[in-house]
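The values are calculated or read from the model by the stated rules, or taken from the named source; none is laboratory data. What you see is a predicted model, and the numbers here were worked out from it, not measured in a lab. For neighbour counting, all protein chains shown are included, and Cβ atoms are generated from backbone atoms with ideal geometry for every residue, glycine included. Quick note on the areas: whole protein, heavy atoms, side chains included, nothing else; ligands and nucleic acids left out. Shrake-Rupley method; radii C 1.70, N 1.55, O 1.52, S 1.80 Å.
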Amino acid sequence: MNSTTPTPRLRDTWLVRRSEALALLAFYLAFSAAWFAVGWLLTHPLKDSWIVHTDQSVSEWFVKQRTPGLNSLSFVGSMLADTVVKIVVTAIVAIGMLIVWKRWLEPLMVAVTLVLEALCFITITTLVNRPRPDVPHLDTSPVGSSFPSGHTGAAVAYTAIVVVIFWHTRRRWIRVLAVAVAVILPVCVASARLYRGMHFLTDVVFGALLGAASVTATAFVLRRSAERRGESVGAEDPADAPAIDLVHT
C-alpha cells in the first residue's frame with residue numbers, strides 16, 4: 001500500500017466469511033474422505049499385503065537402532081510438533097504477524113492451516129482406528145490410533161510460515177533457508193515418530209501429505225479472498241507492487 005492509501009481497519013481485513021468457510025469445509029470433507037479411504041484400505045483389504053508387512057519391518061528396524069543418545073534426540077524431534085508446542089508456536093507467530101502487517105491474511109494463513117490439518121487428523125484417526133506398530137513404544141498418547149501421523153502433519157503445516165515468507169520477500173537466501181527448514185523439520189519429526197515406535201512408515205507419509213494439502217488449500221482460499229478484496233498479497237504480485245523485505249541489508 002502506498003502512503004496515499006488509508007490504512008484499513010483491522011476488522012475490515014478479516015478474510016474468512018461465508019464463501020471462504022464453505023470452501024474450507026469442502027476441503028475438510030474431501031481430505032477426510034480421501035485419507036479415510038487410504039486408512040481403510042491399509043486396515044482391511046491390504047492388511048496382509050506387502051505394504052503393511054513393510055510397515056512393520058521398518059518399525060522393527062528402527063527399534064534395533066535405539067541407543068540412549070538417540071532416544072533423547074528422538075524425544076526432542078517428536079516434541080517439535082507436539083500438540084502444546086504447535087499451538088504455542090502458531091499463536092506466537094500469528095500474533096507477531098498481526099502486529100507486523102496489521103491485517104489478518106498472514107496470521108490466518110498460519111492459524112487456519114493448523115486448524116484444518118488438526119480437524120482432518122482427528123476425524124481420520126478416529127474413523128480409521130489403526131493400531132500402532134507392534135513394537136515397544138517410547139511415548140504414550142491419548143490418541144490410540146496410528147493413521148495418519150498428526151505430529152508429521154503438523155510439522156508440514158508449519159510450511160504455512162514459509163508461504164508467508166515467500167509472499168513478502170524475493171531475497172533468494174531467505175527463501176532457500178525457509179525451504180530448507182521446512183524440509184528438515186518434518187523429516188526430523190517423522191523419523192522421531194518412527195524411531196519411538198509410535199507410527200508406521202505409511203502413517204508419516206500420509207501425515208505429511210495431509211499437512212501439505214492443508215497448507216495448499218488454506219493458501220488457495222485466503223489468497224483468493226484477499227485478492228477479491230483488493231489486498232496486496234506480496235512478492236508474487238505484479239512488479240508495480242514491490243515486495244516487502246523481511247530482512248534489510
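For the pair SER72 and ARG170, what calculated FRET efficiency results from E = 1/(1 + (r/R0)^6), where r is the Cβ-Cβ distance and R0 = 35 Å, to the nearest 0.05? Working shown, then result.
On the way: r = 40 Å, r/R0 = 1.14.
Taking R0 as 35 Å, the efficiency between ARG170 and SER72 is 0.30.
Once both labels are modelled 7 Å past Cα along the beta-carbon direction, what's the MET79-GLU227 spacing in nm?
4.2 nm
Quick one, which of (i) -0.27; (ii) -0.33; (iii) -0.21 is the actual log10 I(q)/I(0) by the Debye sum over Cα atoms at q = 0.07 Å⁻¹ calculated for this model?
Here log10 I(q)/I(0) by the Debye sum over Cα atoms at q = 0.07 Å⁻¹ agrees with entry (i).
At a probe radius of 1.4 Å, what is the per-residue accessible area of TRP167, in Å² to the nearest 10?
Accessible area of TRP167: about 10 Å².
THR54 label point, 7 Å along Cα→Cβ, cut-off 11 Å on backbone N: hits in the range 183-214?
201-202
In the range 149-164, whose amide N lies under 11 Å from the spot 7 Å out along Cα-to-Cβ of VAL183? List them in ranges.
It comes to no residues whatsoever.
Tabulate in residue order the Karplus-calculated ³J(HN,Hα) for the range 8-23, using 6.51 cos²θ - 1.76 cosθ + 1.60 with θ = phi - 60°, rounded to whole Hz; enter x for Gly and Pro.
Coupling constants for the range 8-23: x, 5, 4, 5, 6, 9, 5, 10, 9, 10, 4, 5, 5, 4, 5, 5 Hz.
Would you please put 126-137, 65-76 in order of how densely packed they are, using the mean number of other Cβ atoms within 10 angstrom per residue and starting with the highest?
Details: 126-137: 15.5, 65-76: 12.5.
Result, highest mean Cβ count within 10 Å first: 126-137, 65-76.
To test your reading of the geometry: what angle, between 0 and 90 degrees and rounded to tens, separates the Cα axis of helix 83-101 from the longest principal axis of the chain?
Taking Cα atoms only, the helix is inclined about 10 degrees.
So, with +1 on the Cβ of K and R and -1 on the Cβ of D and E, and no other charges, what is the size of the charge dipole of the chain about its Cα centre, to the nearest 20 debye?
Approximately 360 debye in magnitude.
Using a 1.4 angstrom probe on heavy atoms only, work out the carbon and sulfur share of the accessible area of the range 73-151 in %. Walk me through the numbers before you get to the answer.
Values: 2850 of 3710 Å².
In the range 73-151, the share of accessible area belonging to carbon and sulfur is 77 percent.
Starting from the 7 Å offset along Cα-to-Cβ, what nm value, one decimal, do you get for the label separation of ARG18 and TRP40?
3.3 nm
Compute the angle between helix 105-128 and the longest alpha-carbon principal axis of the chain, please, reported from 0 to 90 degrees and rounded to the nearest 10.
Roughly 20 degrees between the two axes.
Could you state the accessible area per residue of the range 58-115 in Å², with a 1.4 Å probe and every protein chain left in place? Could you put the intermediate results ahead of the total?
Numbers: 3070 Å² over 58 residues.
With all protein chains present, the range 58-115 gives 53 Å² per residue.
Roughly how tilted is helix 50-64, in degrees to the nearest 10 and between 0 and 90, from the longest Cα axis of the chain?
90 degrees
Could you sort ASP55, ASP48, ASP12, ASP82 by their accessible area in this structure, using a 1.4 Å probe and putting the largest first? Walk me through the numbers before you get to the answer.
Values: ASP55 5, ASP48 115, ASP12 70, ASP82 40 Å².
Of ASP55, ASP48, ASP12, ASP82, the descending order of accessible area is ASP48, ASP12, ASP82, ASP55.
Run the 1.4 Å probe and let me know the accessible area of VAL187, rounded to the nearest 10 Å².
For VAL187, the solvent-accessible surface is approximately 90 Å².
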